[in-house]
């Protein structure tokens, strides 16, 4: 990890200094070493190690972060131009926003493609460096496995060496992977201007060890009553903090229906049991066919609700009913819900026929 | 291919030919007919009244026996076929009948008309195929002009029986062609022979039978075949110069198994 | 409602068919092979029952002449199924009168060695409950 | 074959979304032909089945509907050529999700009813109402606290 | 705050018998926003409409709800009423308490309660309505007629005479239709050819009419005023521009096995043929399935004998596109399948024929040159039996539930013509009812009985069978004398039911025009709009709408033409303002809506948007109101809800849901 971080910093500095890019979107740490958040760097010196990090806790998907950054930059330029014009200066003298460098892990590139398809990102303003990833760790899992008072975490190949105030611990990385990494789609970048990968894996390797539909299948095999109880239990914990929505790279609406009093479904807190469900059904439905299964929703949920099980249900249904489809596989795909097959599409009654319980 | 088989009372007594030859021919065609154990009379007449149930129960038993084996139920006698098929239809659609029959019979699992009821001729046409039969024929009945006599019970009411076009049936004619003979089509082949009046008004049934025979002869028939014991009896009673036989007999003959020891 | 009408309606109800679908084309009688043997004809059965009359039908010998050949059922353009009505009337007569049309002691004299069983069973089923 | 004694008194609340061109016309034809179906069914006219947002269906349940049925032109006959194809996919996924959440899947249904199928419309509504009556009151989806 | 008026119609007793209209008024009167409610016997009458107009003025209503019949019936009427009183016509909502309430429920309490709920749903909706202004779309001044029978011909001539361009698309090689096959017409007994062929010629020569014979409609897109139609010109293998119609090829063709469709298959024709001498266009057609050249690659005798060099074996189907403002469907009828009624031995005996076949047998240009002969042996018949209603009025599943309407009259015509020409022939007609409403119709039928001694016997025939003499025996009952009738006859003529042409289902679905269970096209209103389809811009002419005789067909054809002319006379049409529109502050420019729009009505622009005090340029969806038809597919595809539909907005529909679920 240290090696790749060095390469990333080096390359970012080069591009910044050459003026190829005006800013860099990457990750930085907070108070704790595992508390990693997206960050924008505009000066080469800010990229000093320590501030810019790339470690096993860089799970967050920067493509979503990119949207707002780009918007802010463009708006800043426009405002500056307007100010210049007001002062009687030539607005054309104000420089444009220039390019933004973004580091994307392989799974992040699916989201990036999906955003390109939906015209949410202007490709010409972005420089994408694909970075290798061997799976990101879930701090909650580490804590659950007995590590508390963590002071430092060191990547050591397949292991994570965790230093705590009570002593050192070592974990197998594969035991503490994020849900999304446990069923990783693959190590190939679906979009990148260049890729940094010091030790490339052989083609096809690196997929997650778990069947990503296992959870969905397990639920499908339960009786309706059991499923109902399961979801009631899960969704009743929802505090409607909207973290899932805010992190989701497919949820990029200018104004979300849940924030819009005119939509008829907005509300701040769940008043009824049904509102909990309604929110999550609609959230999942709005991203159905567009969700790349990046796992951000579950990752960010403070209540630990397995939201990816809702998204994956749609993915599984879409694959079964309309043929295999991976959102974000390429730019310009036609999503299943804005598409149809007149002859072969199943009837809604299939839900009854499928003989679920 | 294994099918459940319902012979019916007449085939065990006065119409043994229909049964024996039917079994022999089936065997020759690679079909096993498994007689339903302890079958009872089909009821002989399908009672049309909607409140009638008693006379239909024995048919339901036979149908359920076939269902338990998971086999289609094959019949040969026209009357049995008519009754069993219609009772089966009731057991699919008539809620009242379904409820009452199941309440009375108390099968392990209620019967809802699941069994497929097919007449021996339908088995030849739909399951085996006349082409296959043509290939299996060793003794083609070349040049023989044969008139098919359908009678009423196989064809009507066509909505239930689903046997063939009730006004212009072709199944027996196709059968005749398959065994190498020449079918004779004549207007009275689907008109009633008057069979049910045999006991109460013999004159009437004789008159009707003669109409059928004359009509067939007019079109040059040399032989009449049928699937119904009562029709056969009635026609035979009224003719000396033209043979009337069961279709299974001709089939057995064509397949070269007629004289075989059953 | 008088008795006749009530009986007629009862008979119609267990016949399982509706004589009021009839458009009086007479095809049932036209198609009936036993027309000449009957005193009242299939279309009359339909017409009588449709208007709630049954007395005459109960006396009619037609109920014993119908062959249950279902030609009228098959060819009726209105799905009336006259044979059901005739049978329903016969059932009510046979049920009421204790069935004197066919008595078992008259059978042997008519018995022919070749006569199939079904003929006898059927005759009893039809004419003697 | 037992009839639920309680279900006789239970009057379900059924919302039917009908497309203007086929199903609503089919409902009109059922009316013109005097083919009855339970008064529990209330029809909302939409231009096309593709106008039906899953949110409407969820909203109906939230407000206390016991069953929601959506009717549109038969696939291939959409007045707007392709609307019902999209509707078909949307509803298939929505229904599957409801089932996944353990909600009675029989409470939602899609039927294609043409303008000529008045009889079918009545049949469908009778059948659906019967089914919903059998299922009884909608507890799982309804807002329990709002129920009278 | 809206001011809503509610108007409850009794529809005579249609509504009032099952819905307590007073209770409905009482119930909604005190509802929020409702300032006025009343009921009246017939809201759609002038007096009823006046009530509404007066109330709008008196109570300064901002919206009205009419509880009445289906909006498909009278929504337009009440919109005009509102407009007349100065209220925007889109501030009207209809609660359908007839078709969807009073007519289907019996219990008055139940009906009334439902009516109140439906009224409340409409009130909830109308409170959220906004005044809308219709837009405009251009009208293409050209009409398309599908079908070149007498109905299509008459509509075409009438439209063309009014000065508009008309194209006729006919799938057979010639126009003329069934009428060209007929011998004489009732009740005047004038020769059918003599009146239809001049009309065919008129079509061919009319400067405004283009005939595409041997062509079919392939695809229809667009909408009223602006249909885009693809037409397939099937390969005739004869160059229409060169062929002179000399018919030499048809005589020389060595293949003689083609079924002569024009003579109902009573004789055969060559593989290259002209259906009949007066065909329009008068050009030959090669039927590839019978042509030796196509079967073997050899022959080519027609080409060798064609002095005009018109034979072109390489010809291919040709598809072209044309724009039309209006479409007339005139696809006519065909004889229904009588083989299902084989108790009459149609498939078994050649002397059992349909009436249309008899028509050809009696036609001087027919296979027997107008001499009535038995098809079996070409001999003169002595007895002919006509059987009426074969397949008509039949609900058994074998036939058609309706009366075919024309059979009683043409049978009387046939009977009379035969008796007149061949007094030695006995004619018997078995009938169920003789239906002869129409000018001089019953007199005509009575003439057949009284003057020509045609033997009418009441009773359907039970069976027809071949007798020993090789003739036919008809088994029936005379229902008047209640006696068996066994008639020996030479010929049997079946008055087979007529049914809409094959293919009409396909055409209807292309046009999104509705058809009934019998495949007849549905009219927009059975009494008031009988020649219009409910689909705007599509009109109905002739038997495709329901059985009718020639005079009725011609009248309807003319009526359809007038409707078309009325449409084409406009330069612009008012377009439906209930279209989709996007909220710029919410649109993400994600293109989901564009992908589901069947009309290509959505495009994108980069636009400066002011949102929460920030000014920024965004990619925004734009709806072209002239193209949008208001289906709403985009509104659901839109994740943010930026796309909404005027007249059926999210809020309106949710308000209805709320009102119903209260």
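The values are calculated or read from the model by the stated rules, or taken from the named source; none is laboratory data. Keep in mind that what you see is a predicted model, and the values were worked out from it rather than measured. No Cβ is skipped: glycine too gets one built from the backbone with ideal geometry, and neighbour counts run over all protein chains shown.
Criterion applied to E:598, E:639 was being within 30 Å of residue A:67 (Cα to Cα) and within 14 Å of chain D (Cβ to nearest Cβ), and the one residue passing it is E:639. For region A:208-240, a residue qualifies if it is closer than 26 Å to residue A:65 by Cα and in contact with a helix residue (DSSP H, G or I) (Cβ under 9 Å, 6 or more places away or on another chain), and the qualifying residues are A:208, A:212, A:238, A:240.
Within the set D:59, D:42, the sole residue that is in a helix (DSSP H, G or I), closer than 23 Å to residue E:120 by Cα and facing another protein chain (nearest Cβ under 7 Å) turns out to be D:59. Pairing each residue of region E:285-301 that is on the phi > 0 side of the Ramachandran plot with any residue that is surrounded by fewer than 16 Cβ atoms within 10 Å (Cβ to Cβ), provided the two are 6+ apart or on different chains, yields C-beta distances under 8 Å for E:299/E:254. Return the residues of region E:91-113 that are more than 7 Å from every other protein chain (Cβ to nearest Cβ), buried (at least 24 other Cβ atoms within 10 Å of the Cβ) and in contact with a strand residue (DSSP E or B) (Cβ under 8 Å, 6 or more places away or on another chain); say none if nothing qualifies. Correct list: E:92, E:93, E:94, E:95, E:96, E:97. Suppose the filter is away from chain E (no Cβ under 14 Å), in contact (Cβ under 8 Å) with a residue 24 or more places away in the chain and either under 21 Å from residue A:62 (Cα atoms) or crowded, with 24+ Cβ neighbours inside 10 Å (or both); does residue A:276 pass it? No; evaluated as a whole, the condition is false for this residue.
The residues of region B:132-183 that are without any contact (Cβ under 8 Å) to a residue 60 or more places away in the chain, more than 14 Å from chain E (Cβ to nearest Cβ), surrounded by fewer than 23 Cβ atoms within 10 Å (Cβ to Cβ) and part of a loop (DSSP other than H, G, I, E, B), listed by number, are B:142, B:143.
Among the residues in region E:26-37, are any under 40 Å from the mean Cα position of the chain (by Cα) and either over 19 Å from residue E:125 (Cα atoms) or exposed (fewer than 15 other Cβ atoms within 10 Å of the Cβ) (or both)?
Within region E:26-37, not a single residue is under 40 Å from the mean Cα position of the chain (by Cα) and either over 19 Å from residue E:125 (Cα atoms) or exposed (fewer than 15 other Cβ atoms within 10 Å of the Cβ) (or both).
Which members of region E:464-481 meet the condition of being facing another protein chain (nearest Cβ under 7 Å) and either without any contact (Cβ under 8 Å) to a residue 12 or more places away in the chain or farther than 21 Å from residue C:40 by Cβ (or both)? E:465, E:466, E:468, listed by residue number. Residue D:53 passes every criterion in (1) at the interface with another protein chain (Cβ under 7 Å from one of its Cβ atoms); (2) in contact (Cβ under 8 Å) with a residue 24 or more places away in the chain apart from (2).
Picking from residues in region E:190-228 that are farther than 20 Å from residue E:278 by Cβ and not in a strand (DSSP E or B), the one that is modelled with the lowest pLDDT is E:224. Report whether or not residue A:165 is closer than 30 Å to residue A:14 by Cα and surrounded by fewer than 17 Cβ atoms within 10 Å (Cβ to Cβ). No.
Conditions (1) in contact with a strand residue (DSSP E or B) (Cβ under 8 Å, 6 or more places away or on another chain); (2) in contact (Cβ under 8 Å) with a residue 40 or more places away in the chain, marked per residue:
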position	(1), (2)
A:254	yes, no
A:265	no, no
A:309	no, yes
A:343	no, no
A:350	no, no
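Just one of the numbered conditions (1) assigned to a loop (DSSP other than H, G, I, E, B); (2) facing chain D (nearest Cβ under 9 Å) is not true of residue E:584: (2). So which pairs qualify, if the first residue must be in region E:650-662 and more than 9 Å from chain D (Cβ to nearest Cβ) and over 7 Å from residue E:121 (Cα atoms), the second must be modelled with pLDDT under 90 and assigned to a helix (DSSP H, G or I), the Cβ gap must be under 8 Å, and the two must be at least 6 apart or on different chains? Qualifying pairs under 8 Å: E:651/A:262. Taking the criterion of being within 12 Å of another protein chain (Cβ to nearest Cβ) and either closer than 11 Å to residue B:80 by Cβ or assigned to a strand (DSSP E or B) (or both), the residues of region B:46-63 that qualify are B:46, B:58. Restricting attention to region E:58-77, does a residue exist that is buried (at least 17 other Cβ atoms within 10 Å of the Cβ), more than 35 Å from the chain's Cα centre (by Cα) and part of a helix (DSSP H, G or I)? So far as region E:58-77 goes, no, none of its residues is buried (at least 17 other Cβ atoms within 10 Å of the Cβ), more than 35 Å from the chain's Cα centre (by Cα) and part of a helix (DSSP H, G or I). The residues listed here are E:315, E:278, E:345; of these, the one that is crowded, with 16+ Cβ neighbours inside 10 Å, on the phi > 0 side of the Ramachandran plot and touching a residue at least 40 places away in the same chain (Cβ under 8 Å) is E:345. Whenever a residue of region D:79-96 is more than 7 Å from every other protein chain (Cβ to nearest Cβ), its partners that are surrounded by 24 or more Cβ atoms within 10 Å (Cβ to Cβ) and assigned to a loop (DSSP other than H, G, I, E, B), lying with C-beta atoms within less than 6 angstrom and at least six residues away or across chains, give the pairs D:84/D:73; D:84/D:78. Residue A:289 meets each of the listed conditions (1) part of a helix (DSSP H, G or I); (2) in contact (Cβ under 8 Å) with a residue 24 or more places away in the chain; (3) within 11 Å of chain D (Cβ to nearest Cβ) apart from (1). For region A:79-89, the condition holds for no residue, the condition being that it is in contact (Cβ under 8 Å) with a residue 40 or more places away in the chain and in contact with a strand residue (DSSP E or B) (Cβ under 9 Å, 6 or more places away or on another chain). From the list D:64, D:76, D:102, which residue is free of Cβ contacts under 8 Å to residues at least 24 places away in the same chain and surrounded by fewer than 24 Cβ atoms within 10 Å (Cβ to Cβ)? The unique qualifying residue is D:76.
Run down E:570, E:607, E:563 and say which single residue is touching a strand residue (DSSP E or B) at 6+ places or on another chain (Cβ under 6 Å), more than 14 Å from chain A (Cβ to nearest Cβ) and either at pLDDT 90 or above or part of a strand (DSSP E or B) (or both).
Criteria check complete, one pass: E:563.
Put simply, of A:55, A:61 the only residue that is away from chain E (no Cβ under 14 Å), farther than 23 Å from residue A:253 by Cα and either modelled with pLDDT under 90 or within 20 Å of the chain's Cα centre (by Cα) (or both) is A:55. Of all residues in region C:38-55, those satisfying the criterion of being crowded, with 20+ Cβ neighbours inside 10 Å and within 11 Å of another protein chain (Cβ to nearest Cβ) are C:38, C:40, C:41, C:42, C:43, C:44.
The set of residues in region D:24-35 being assigned to a loop (DSSP other than H, G, I, E, B), facing chain E (nearest Cβ under 7 Å) and closer than 14 Å to residue D:120 by Cβ consists of D:35 alone.
Residue under question is residue E:327, and the condition is that it be buried (at least 23 other Cβ atoms within 10 Å of the Cβ) and assigned to a loop (DSSP other than H, G, I, E, B); does it hold? Considered against the rule, which asks whether it is buried (at least 23 other Cβ atoms within 10 Å of the Cβ) and assigned to a loop (DSSP other than H, G, I, E, B), residue E:327 comes out as no.
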